[in-house]
Structure formats: structure tokens, C-alpha cells
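Visitor: Here you go, one structure.
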Amino acid sequence: MRVLVVEDEEPLADAIARGLRREGMAVDVALTGDDGHEKSSVTRYDVVLLDRDLPGMSGDELCREIVASGELTRVLMLTASSSVSDRVDGLSLGADDYLAKPFAFPELVARVRALGRRATPAAPPLLTAGDVELDPAKRIVRRASGPIDLTRKEFGVLEVLLSASGSVVSSEELLERVWDENADPFTTTVRVTVMTLRKKLGEPGIIETVVGSGYRVPVADAGA
């Protein structure tokens, strides 16, 4: 899941980003409304955590821009005010959810995950390929031989490939969906991660390389 945190209190923004990354999410941070607008214009985020009181472009204005873009991006408003009128105002702007500061971090994670599910096409409870099973909710991968211990990035790559239902996923798309803005697009990060993922999954291999295009996990022929 790709998340953008737009929050002008840098210690809070960094703390949220670190916590969400520990939950396996790819997180970018913007400290102003203008920076948030620029990043959300060039990257398709699943969820944007948006403070209402921002320098430059306001959180309200940025929320309107995101909603007007027509993307599936979901917006979670963050504010120091917990009044009913403020919540109604935020939701009226098109925000999908509203959370008052201070908040419990487990609640924030739960809300982000719920919004993330709404930002992508519905996926089955288990993603499978052959005898490989991935549980997105429990973040567990199993094969017939038992559970497989994957890093966050390996898990993310496998989840994206299985969710593609047999379609080819380019290295650029994997980098955008699984890593954050700090990833170097010219590194071999994706190739190395796919290589280690293949080793951990074992034989028979389920990830195919499509030369010049990317990777895919073929879908079994239902008629076979």
C-alpha cells in the first residue's frame, strides 16, 4: 500500500511514517500543502493522511483537488479539533474518514488499512498460485511445506503480482507500489528482491520473467 502523509509538524509526520513503514506500507511525507499537492499529482497513492491546517495550500483545498482528480485515492483527515462541525466540514469536502489528534496509533493503522482496501479493487481473502497462499490481512505466506518468512518488500512484491491476476507487472510499477519515494529508480532493487523471493518460495517457481516487460504469476487454466 502506498501512503502519503501531509503534516506540517515534522516530528509527528516522521513518527507516523516510521510506524506505517513498520506495518509494511510504502510511505512518503510532505510538510506543506503545496508539496503534498505536487506529490499527489505525480504518484497514485492508495491513502493520503491529510492535516487540515497546513502552510501554503490548505488541507481543505488539497482534499478538494484529490477528490476532483477522479483517482481512487482515499483521504483521511487529521486535525486537532474533534468537534462535530469540524468532522462534518471535513467529510463534506470529500474526505473518506476523519481522525482527531491525539489518536491511538493502532486505530490510525486500522483506519488506513480499511481505506486502502477501498482504494483498490476487491481482492479475495486469500491470494493463491498453485500451492502458494498469501493472506493480506494476516500478512502470512504459506506453501504446502509450511509458512514462508518474507521481508516486508518481498511480501509486497508477491502481493502485487498475485493481485494482478496473471497480468504482467513492470519493475517500475513494483517500485512505485512497494517502495517509497526514496527508492532509486535506477537500482537493481526490484530484480534482487524478486530473486530472493523466488529462492524463498522454492520449486516449482511461480514467478515468470517477461523479458522487456516485467514479471507475472500465471493464472492456472480453469479448464485444465
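Visitor: How do the pairs read when you match residues in segment 152-174 that are under 14 Å from R191 (Cβ atoms) and free of Cβ contacts under 8 Å to residues at least 40 places away in the same chain with residues anywhere that are in a helix (DSSP H, G or I) and of a type in the set (F, W, Y), using Cβ under 8 Å and keeping only pairs 6 or more apart or on different chains?
Guide: Going by the 8 Å Cβ cut-off, there are no qualifying pairs.
Visitor: Another question, if that's okay. Would it be correct to say that E61 is in contact with a helix residue (DSSP H, G or I) (Cβ under 8 Å, 6 or more places away or on another chain), open to solvent by 30 Å² or more (accessible area, probe 1.4 Å) and more than 30 Å from L150 (Cβ to Cβ)?
Guide: Judged against the criteria, E61 is a match.
Visitor: Could I ask something else about it? Does L12 qualify as being buried (at least 20 other Cβ atoms within 10 Å of the Cβ), modelled with pLDDT of 90 or more and not in a loop (DSSP other than H, G, I, E, B)? Before the answer, list the steps.
Guide: Values: buried (at least 20 other Cβ atoms within 10 Å of the Cβ): no; modelled with pLDDT of 90 or more: yes; not in a loop (DSSP other than H, G, I, E, B): yes.
Against the criterion (buried (at least 20 other Cβ atoms within 10 Å of the Cβ), modelled with pLDDT of 90 or more and not in a loop (DSSP other than H, G, I, E, B)), L12 does not qualify.
Visitor: Only residues that are at pLDDT 70 or above and either open to solvent by 60 Å² or more (accessible area, probe 1.4 Å) or more than 16 Å from D51 (Cβ to Cβ) (or both): list them for segment 75-84, please.
Guide: The answer is A80, and nothing else.
Visitor: For segment 15-34, name all the residues that are free of Cβ contacts under 8 Å to residues at least 60 places away in the same chain and outside any helix (DSSP H, G or I).
Guide: Of everything in segment 15-34, those that are free of Cβ contacts under 8 Å to residues at least 60 places away in the same chain and outside any helix (DSSP H, G or I) turn out to be V29, A30, L31, T32.
Visitor: Scan segment 182-219 for residues that are touching a strand residue (DSSP E or B) at 6+ places or on another chain (Cβ under 7 Å), surrounded by 16 or more Cβ atoms within 10 Å (Cβ to Cβ) and outside any loop (DSSP other than H, G, I, E, B) and jot them down.
Guide: V194, L201, G214, Y215, R216
Visitor: Scan segment 142-153 and give yes if some residue there is basic (K, R), surrounded by 14 or more Cβ atoms within 10 Å (Cβ to Cβ) and not in a helix (DSSP H, G or I), otherwise no. Give the derivation first.
Guide: If we filter segment 142-153 for residues that are basic (K, R), which is where we start, we get 142-143, 152-153.
Imposing the further condition that a residue be surrounded by 14 or more Cβ atoms within 10 Å (Cβ to Cβ) reduces the set to 142-143, 152-153.
The next check asks that each one be not in a helix (DSSP H, G or I); those that pass are 142-143.
Yes - at least one qualifying residue is present in segment 142-153.
Visitor: In segment 66-83, is there at least one residue being farther than 20 Å from E181 by Cβ and in a helix (DSSP H, G or I)?
Guide: yes
Visitor: Restricting attention to segment 28-53, which residues are more than 21 Å from the chain's Cα centre (by Cα), under 13 Å from M77 (Cβ atoms) and modelled with pLDDT of 90 or more?
Guide: If the condition is that a residue be more than 21 Å from the chain's Cα centre (by Cα), under 13 Å from M77 (Cβ atoms) and modelled with pLDDT of 90 or more, then no residue fits.
The values are calculated or read from the model by the stated rules, or taken from the named source; none is laboratory data. Computed from a prediction, not measured in an experiment: that's the story for all the values here. So basically every Cβ, Gly included, is an ideal-geometry build from the backbone, and we count neighbours across all protein chains shown. To get the accessible areas, we keep the full protein, side chains included, count just its heavy atoms, and leave off ligands, DNA and RNA. Shrake-Rupley method; radii C 1.70, N 1.55, O 1.52, S 1.80 Å.
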